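K.L.:
If you scroll down you'll find the structure; I have some questions about it.
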Amino acid sequence: MTAVLRARTLGKKFQGRWALSNCTLDVPAGRVVGLVGPNGTGKSTSLHLASGMLTPTTDTIDVCGGRPATGPAQLAKVGFVTQDTPSYTALSVDDHLAGSRCRSAHPHVDGASS
């Protein structure tokens, strides 16, 4: 099994309190996976760690064969949109991408609108 996301005893602490602890997870390539659970169980923290928006307090996480957000090549392998990301109905997808850092982090985005 090739894992696109692999976490080993991953943990994140904020102000002395664990938001995520002892998380071990493998997400196989070619699978769609949902993180489900009540508020406060570490779902968003896990995704922020996987995208490189946060750094782990303990242990490791690998995404697409590397550490999250370690450079442009690694950033280009991961797409992440949070639930709070604003979108504007008057703008096309191309307009949204042009106004973000997406093109610089994802050079394969060609700018074509649908």
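K.L.:
With +1 assigned to the C-beta of every Lys and Arg and -1 to the C-beta of every Asp and Glu, and no other charges, what is the dipole magnitude of the chain about the Cα centre in debye, to the nearest 20?
P.N.:
Roughly 440 debye for the chain.
K.L.:
Okay, moving on. Can you order the peptides 18-30, 56-68, 81-93 by their average number of other Cβ atoms within 10 Å per residue, highest first?
P.N.:
The packing order, highest mean first, is 56-68, 18-30, 81-93.
K.L.:
Additional query: In nanometres, what is the gap between the two model label sites at Lys13 and Thr82, each 7 Å from Cα along Cα-to-Cβ?
P.N.:
2.3
K.L.:
What is the spin-label model distance, in nm, from Asn22 to Lys43 if the labels are put 7 Å beyond Cα along the C-beta direction?
P.N.:
2.2
K.L.:
Percent of Cα-Cα pairs per 10 Å bin, from 0 to the last occupied bin, for the chain, please list those.
P.N.:
12, 38, 33, 15, 1
K.L.:
Spelling out what I want: for every residue of region 81-94, take phi, set θ = phi - 60°, compute 6.51 cos²θ - 1.76 cosθ + 1.60 (Karplus), and round to whole Hz; glycine and proline get x.
P.N.:
Running phi through 6.51 cos²θ - 1.76 cosθ + 1.60 with θ = phi - 60° gives 10, 7, 5, 9, 5, x, 10, 10, 4, 7, 9, 7, 4, 4 Hz.
Read-outs throughout are calculated quantities, based only on the coordinates presented, and are distinct from any laboratory measurement. Quick caveat: nothing in here was measured; it's all calculated off a predicted structure. Note that each Cβ is placed from the backbone with ideal geometry, even for glycine, and that neighbours are counted across all protein chains shown.
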